[in-house]
Amino acid sequence: MRQEVASVTANAELMPQVHLMWLESSQIASPAQPGQFVMVRCGEDFEYPLRRPFSIHQQDGSKLALLFNMVGRGTHWLSQCQAGDELDLLGPLGNGFSIHPGSHNLLLVAGGIGIAPLVFLAQQALSQGQAVTLLLGASTAPQLYPEHLLPPEVKLVTATEDGTAGKKGMITDLLPDFTGWADQIFACGPISMYQTMTKQNFVTTKPVQVSLEVRMGCGLGVCYGCTVKTKSGLKQVCQDGPIFDLDDILWEELANGGV
Amino acid sequence: MNLSVQLAPKNKHGLSLANPVMTASGTFGYGTEYSHLFDIQKLGAIVCKGTTLKPREGNPQPRLAETPCGVLNSIGLQNIGIEAVIRDKAPVWAGWRVPVMVNIVGIRVEDYARMAAKLDGVAGISGIEVNIGCPNIKAGGAEFGARPDLAAEVTAAVKAATSLPLLVKLTPNTADIAGVAKAVMRAGADAISLINTPRGIAIDVSRRRPLLGNVTGGLSGPAIKPIALYMVYTVAGAVEVPVVGVGGIATASDAIEFIMAGASAVQIGTASFTNPRAPLDILEGIEQFMKKEGIEDIAELIGAGRR
């Protein structure tokens, strides 16, 4: 894990309110693994005291990409950054996804901005000769991640809540059709998506890893701001996660704000 | 150039710091977490995460909310407990050049005394910071620090249980900060650190309820600096023991303000989250300021801004 001043090489709005940013960050990009994240310092001086955590969206040699939703003041500030600007990053942080040695067929499930860490995972899996199917869901067609940015070998299936693209409905509606094929399932999306998945009966038969997002302070396991309760005790999302087994998290408690 | 300060001149062990830059409890873990980002041995002292007699799970999520130039937290003292600190952390600290202090917080007076007794004589522990102002525990915490008599009772109980240097950390959530400071000094505090976090809340407007799981939290970061500086100025004028300034210090200039207000040392807290190197950057900035101003000894700056 390093602290590095990285230069922005590109930053543009990719979907409504969602930006794709590329950074030259050799010390962090090179060792990064899919599912890991960086903490980005936002703003001048100390106006925004907390760094923002972002999954590493793609990695290309000494460069890494972040895909972020403009949800508040920090991400709005980030969206205004231009090529040539410098950003202070901490990373790579967290544990990352774990592809089991015997897995051939990987099923990736993305809800909305949850696509962020899964593109990097798909790239790595394909380079290792594994087959990847991506179930990509969003509320409307314009909010779907563009297909041309995905590796061509990925088998893509989409769903939108309003039916403007792909199948109409939630992405989890499509899961039962693909779980038989999959050796492992990797998901990233809102907590409500994970709660739905826990109620689908394949969970007991196929291993599912999910990426968890909670408010973070330090990113280093120091502040205990991101503690969640799991079946194996209290965990820090920043250090013990952000990737967890789906059935390890006590979802009802988390959804209700409980630790 | 002499940057060293003595925080416990009347204690038999003393508490000599190579420089006045410390880390604030709860923002620097047990020191080890930051050791691969910069040379933490260059710091004046490290204060570890607030520690209780038994391990604690802490408060419900969400535990953090950012506010303009500030952070509200309601961690609720999640920690590994005093036994694990002594067993797992102290042996690591014993090999360090930088002194480490253990921040202790109790629900009852006897909790403080028992923890102090356990820490006495443990290699790797240079002192105790007595936290009488954590605003997150309904059963204890703020009540001790809010009243001079209760604050003195805790301090005296700790003093009787250990010979280690004692830094007593005050809460701003009191009507009489100078009165509390004098009371803990008379009860045996070797030095006084302040401030802990002022209490605050945030409302989630979309869900129409308090944003933090615990409803209330403690505010930290640059937003509280003028309040902390005022209280340090007030207490430094009221007591005859060293004062340690903490609250919103993010730059060397901030630290120098606290030193000029009368602080012998400073603690860096939330700024470490923004920039993990902040404590070292602040130390280097103090050195540069002294060089520029032709100051040979940090003692020349302590209280230099008072009138």
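The values are calculated or read from the model by the stated rules, or taken from the named source; none is laboratory data. Model, not experiment: these values are computed from the prediction. Because the Cβ atoms are built from the backbone with ideal geometry, glycine has one as well, and the counts that use them run over all protein chains shown. Note: accessible area is taken over every heavy atom of the protein model, side chains too, but ligands, DNA and RNA are not part of it. Shrake-Rupley method; radii C 1.70, N 1.55, O 1.52, S 1.80 Å.
With the condition kept exactly as written, say whether any residue in segment A:53-75 is touching a Gly at 6+ places or on another chain (Cβ under 9 Å), within 14 Å of chain B (Cβ to nearest Cβ) and in contact (Cβ under 8 Å) with a residue 40 or more places away in the chain. Yes; the residues of segment A:53-75 include at least one that is touching a Gly at 6+ places or on another chain (Cβ under 9 Å), within 14 Å of chain B (Cβ to nearest Cβ) and in contact (Cβ under 8 Å) with a residue 40 or more places away in the chain.
When every residue of segment A:90-101 is checked against the conditions, at least one turns out to be open to solvent by less than 40 Å² (accessible area, probe 1.4 Å) and under 24 Å from B:THR67 (Cα atoms).
Just to verify a result, which residue in segment B:182-211, among those that are of a type outside the set (Gly, Ala, Ser), touching a Leu at 6+ places or on another chain (Cβ under 8 Å) and not in a loop (DSSP other than H, G, I, E, B), is most open to solvent (accessible area, probe 1.4 Å)? Among residues in segment B:182-211 that are of a type outside the set (Gly, Ala, Ser), touching a Leu at 6+ places or on another chain (Cβ under 8 Å) and not in a loop (DSSP other than H, G, I, E, B), the one most open to solvent (accessible area, probe 1.4 Å) is B:ARG199. Residues that are open to solvent by 10 Å² or more (accessible area, probe 1.4 Å) and among the hydroxyl-bearing types (Ser, Thr, Tyr) within segment B:71-102 are absent altogether. Considering only residues in segment B:1-23 that are out of contact with any Ser or Thr (no Cβ under 8 Å at 6 or more places or on another chain) and over 18 Å from B:MET185 (Cα atoms), the one that is surrounded by the most Cβ atoms within 10 Å (Cβ to Cβ) turns out to be B:MET22.
Close contacts from segment B:261-285, counting a first residue that is at the interface with chain A (Cβ under 7 Å from one of its Cβ atoms) and a second that is open to solvent by less than 10 Å² (accessible area, probe 1.4 Å) and β-branched (Val, Ile, Thr), with Cβ to Cβ under 7 Å and a gap of 6+ residues or different chains, come to B:THR270/B:VAL71; B:ALA271/B:ILE249. With a requirement of 1 or more residues that are β-branched (Val, Ile, Thr), the strands (runs of 3 or more DSSP E) lying completely within segment A:61-171 that satisfy it span A:105-111, A:131-138, A:155-160.
Filtered by the rule that a residue be within 14 Å of chain B (Cβ to nearest Cβ) and under 18 Å from the mean Cα position of the chain (by Cα), segment A:1-43 gives A:ILE28, A:PRO31, A:VAL38, A:MET39, A:VAL40. Counting only residues that are of a type in the set (A, V, I, L, M, F, W, C), closer than 24 Å to A:ILE113 by Cβ and in a strand (DSSP E or B), how many does segment A:1-34 have? Adding up the residues that qualify gives 11.
Could you tell me whether B:LEU37 is assigned to a loop (DSSP other than H, G, I, E, B), open to solvent by 10 Å² or more (accessible area, probe 1.4 Å) and within 10 Å of chain A (Cβ to nearest Cβ)? Yes, satisfied.
Take B:LYS49 and decide whether it is within 10 Å of chain A (Cβ to nearest Cβ), of a type in the set (D, E, K, R), crowded, with 22+ Cβ neighbours inside 10 Å and closer than 19 Å to A:GLY221 by Cβ. In short, yes. Only residues that are farther than 16 Å from B:VAL235 by Cβ and touching a residue at least 60 places away in the same chain (Cβ under 8 Å) were counted in segment B:249-260, giving 1.
Considering the conditions (1) at pLDDT below 95; (2) over 17 Å from A:ALA116 (Cα atoms); (3) open to solvent by 60 Å² or more (accessible area, probe 1.4 Å); (4) within 14 Å of chain B (Cβ to nearest Cβ), A:PHE46 is excluded by exactly one of them, (3). Taking the conditions (1) open to solvent by 60 Å² or more (accessible area, probe 1.4 Å); (2) away from chain B (no Cβ under 14 Å); (3) modelled with pLDDT of 90 or more in turn, A:PHE178 satisfies each one other than (1). One residue stands out in segment A:207-253 among those that are over 25 Å from B:GLY50 (Cα atoms), among the aliphatic types (A, V, I, L, M) and buried (at least 17 other Cβ atoms within 10 Å of the Cβ): the one that is farthest from the other protein chains (Cβ to nearest Cβ), namely A:VAL208. Here the condition is being at pLDDT 95 or above and either more than 24 Å from B:ALA8 (Cβ to Cβ) or open to solvent by less than 10 Å² (accessible area, probe 1.4 Å) (or both); of B:VAL266, B:VAL241, it holds for B:VAL266 alone. Within segment A:181-206, if we keep just the residues that are closer than 18 Å to A:PHE37 by Cβ and not in a helix (DSSP H, G or I), the residue that is nearest to the other protein chains (Cβ to nearest Cβ) turns out to be A:PRO190. Filtered by the rule that a residue be more than 17 Å from the chain's Cα centre (by Cα) and polar (S, T, N, Q), segment B:212-228 gives B:ASN214, B:THR216.
Would a scan of segment A:71-79 turn up a residue that is out of contact with any helix residue (DSSP H, G or I) (no Cβ under 7 Å at 6 or more places or on another chain), among the hydrophobic types (A, V, I, L, M, F, W, C) and under 19 Å from A:LEU212 (Cβ atoms)? Yes, that holds for at least one residue.
Taking residues in segment B:1-16 that are over 13 Å from B:GLY127 (Cβ atoms) and of a type in the set (S, T, N, Q), and partners anywhere that are open to solvent by 60 Å² or more (accessible area, probe 1.4 Å) and outside any loop (DSSP other than H, G, I, E, B), the pairs with Cβ atoms closer than 7 Å and at least 6 places apart or on different chains are B:SER4/B:SER16. A:MET21 meets the conditions (1) within 23 Å of B:PHE273 (Cβ to Cβ); (2) modelled with pLDDT under 95 in every case but one. The failed one is (2). Residues of segment A:150-162 being open to solvent by 30 Å² or more (accessible area, probe 1.4 Å) and either out of contact with any strand residue (DSSP E or B) (no Cβ under 8 Å at 6 or more places or on another chain) or farther than 26 Å from A:GLN59 by Cα (or both), which ones? A:PRO152, A:GLU161, A:ASP162, listed by residue number. Here B:LEU17 does not qualify as farther than 21 Å from B:ALA250 by Cα and more than 10 Å from chain A (Cβ to nearest Cβ). The set of residues in segment B:143-166 that are surrounded by fewer than 19 Cβ atoms within 10 Å (Cβ to Cβ) and not in a helix (DSSP H, G or I) comprises B:ARG147, B:SER163. Within the span defined as segment B:103-117, every residue fails to be surrounded by fewer than 23 Cβ atoms within 10 Å (Cβ to Cβ), hydrophobic (A, V, I, L, M, F, W, C) and farther than 24 Å from B:VAL184 by Cα.
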